[in-house]
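Presented below is the structure to which this report refers.
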Amino acid sequence: MAEIIRMPKMSDTMEEGIISSWLKKVGDKVNSGDILAEVETDKATMELESYDDGILLHIGVKNGESVPVNDIIAIIGEKGENIKEILKEEETKKEETKEEETITIPEINDISKDKRLKASPLAKKIAEEKGINLTNIKGSGDGGRIIKKDIEENTEIISTQNSTNIILPKTIGEESFDEVPISQMRKTISKRLSESKFSSPHFYITMEINMDNCIEGRKKINETSEVKISFNDIIIKATAAALRKHPMINSSYLEDKLRTNHHIHIGVAVAVKDGLLVPIIKFADNKSLSHISLEVKNLANKAKNKNLQPSDWEGNTFTISNLGMFGIDEFTAIINPNDSCILAVGGIKNTPIIKNGEIVPGNLMKVTLSCDHRIVDGASGSAFLQTLKELIEDPIKILV
């Protein structure tokens, strides 16, 4: 009996996958546990494993093609087995589904069908601004409809009918563009962040943090530490400590219930070629700075090489997005579902500050907390930032 191989759902956000490459070809013998293909999901490239023994009788998707979750991608069975009926039945099911989903849209009367002058709204607007009589212009659009292009190409009419009598030369150019398919990662980023932005009422609060002590503290740590500690590592550790004191910031809105997480899993946004991945530092409040530093570097490398596994990105309770290394002073970030907040971290900027009544050089960093107003209000968000500021400005506290 032939076994159908369907595109599996390899992550909680996956809706379709791309076959990066087939490792087996039609006619090959397949054993349970063999890797059939590599599949690009919205977050990583993963291996598609066979759970059946037999002969690979059919491959329904070429390398580089995308497939919706649960669609047939291959069939495994006995040599010589007839699979035409299986494919025919699958095609019939898909057609029936399409018919059920079809919505009949009533025909809308096209204003261009009446006896009035046929011209697009933009063409009419340009003609009115330039004093052009449209009856003198022949339209090249559908049914003789006058469009913007027709007016621009009739420079003689424009020059003679314009009250200022300005001669407009014809512009010769070539329209061109490049198109590439949208990656699964980019599709998912677009969908999930759009859902977050429009379903979660965002508000933003910004605070300046004096980084003088943090800069000095990091310098001393790195003089003796075998692992180089970054400012981002310190921010992750300080954020975890602040979340422990403000559990409401470490919560999730789940439609009919509010979940307050007792564990602290911090997602760290990592820019990759096709978009953004958010690997997680789990139990960040229980880890040392050197542990966090090594883990961040390892996860960032895995993300850039598309080697992340679901366990690396699932379960965040809070997210940090740091663009300071790109020269960004301040920005706002969209909350990562299902978090209640995300922290946007800007760069450290050398700035004149007032200290003991005198203007002296200082180093300031701006952080902006995006909050889901269904869970977090201004007071609780501000209290969290105040704690975070105290910890970063006196980093010895996060080592206790």
Which condition number does Ile359 fail, the rest of (1) open to solvent by 30 Å² or more (accessible area, probe 1.4 Å); (2) within 21 Å of the chain's Cα centre (by Cα) being met? (2)
Does at least one position in the stretch 212-228 carry a residue that is under 14 Å from Asp394 (Cα atoms), small (Gly, Ala, Ser) and over 30 Å from the mean Cα position of the chain (by Cα)? yes
Considering the stretch 135-157, residues that are open to solvent by less than 70 Å² (accessible area, probe 1.4 Å), under 23 Å from Ile172 (Cα atoms) and assigned to a helix (DSSP H, G or I), and then whichever is modelled with the highest pLDDT, we arrive at Asp150
Got at least one residue in the stretch 356-363 being in contact (Cβ under 8 Å) with a residue 40 or more places away in the chain and of a type in the set (A, V, I, L, M, F, W, C)? no
Filter the stretch 11-39 down to residues that are within 18 Å of Asp312 (Cβ to Cβ) and open to solvent by 30 Å² or more (accessible area, probe 1.4 Å) and give me whichever is modelled with the highest pLDDT. Glu38
Lone qualifier among Asn301, Asn316 - being closer than 23 Å to Met10 by Cα and part of a helix (DSSP H, G or I): Asn301
Only one residue in Asn307, Asn298 is loosely packed, with under 14 Cβ neighbours inside 10 Å and either in contact with an Asp or Glu (Cβ under 6 Å, 6 or more places away or on another chain) or touching a residue at least 60 places away in the same chain (Cβ under 8 Å) (or both). Which one? Asn307
Return the pair list, or none, for Cβ contacts closer than 8 Å from residues in the stretch 113-125 that are closer than 15 Å to Asn136 by Cα and assigned to a loop (DSSP other than H, G, I, E, B) to residues that are at pLDDT below 80 and open to solvent by 90 Å² or more (accessible area, probe 1.4 Å), at least 6 apart or on different chains. Leu117/Thr135
Wholly within the stretch 177-289, which helices (runs of 4 or more DSSP H) include no fewer than the required count, namely at least 2 residues that are in contact with a strand residue (DSSP E or B) (Cβ under 7 Å, 6 or more places away or on another chain), over 19 Å from Ser370 (Cβ atoms) and open to solvent by 40 Å² or more (accessible area, probe 1.4 Å)? 212-224
So Asp42 fits all but one of (1) open to solvent by 30 Å² or more (accessible area, probe 1.4 Å); (2) within 25 Å of Asn307 (Cα to Cα); (3) out of contact with any strand residue (DSSP E or B) (no Cβ under 7 Å at 6 or more places or on another chain); what number is the exception? (1)
Being among the hydroxyl-bearing types (Ser, Thr, Tyr), modelled with pLDDT under 80 and open to solvent by 70 Å² or more (accessible area, probe 1.4 Å) is true for just one of Thr160, Thr92. Which residue is that? Thr160
Restricting attention to the stretch 1-27, and to residues there that are out of contact with any strand residue (DSSP E or B) (no Cβ under 6 Å at 6 or more places or on another chain) and among the small types (Gly, Ala, Ser), which single residue is farthest from Ser311 (Cα to Cα)? Gly27
In this structure, is Gly77 open to solvent by 10 Å² or more (accessible area, probe 1.4 Å) and of a type outside the set (D, E, K, R)? no
Of the residues Asn70, Asn82, only one is touching a residue at least 40 places away in the same chain (Cβ under 8 Å), in a loop (DSSP other than H, G, I, E, B) and open to solvent by 40 Å² or more (accessible area, probe 1.4 Å); which? Asn70
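The values are calculated or read from the model by the stated rules, or taken from the named source; none is laboratory data. Remember, it's a predicted structure, so these values are computed and weren't measured experimentally. Positions of Cβ are backbone-derived with ideal geometry, glycine not excepted, and every protein chain shown enters the neighbour counts. Just the protein is used for accessible areas: all its heavy atoms, side chains included, with ligands, DNA and RNA removed. Shrake-Rupley method; radii C 1.70, N 1.55, O 1.52, S 1.80 Å.
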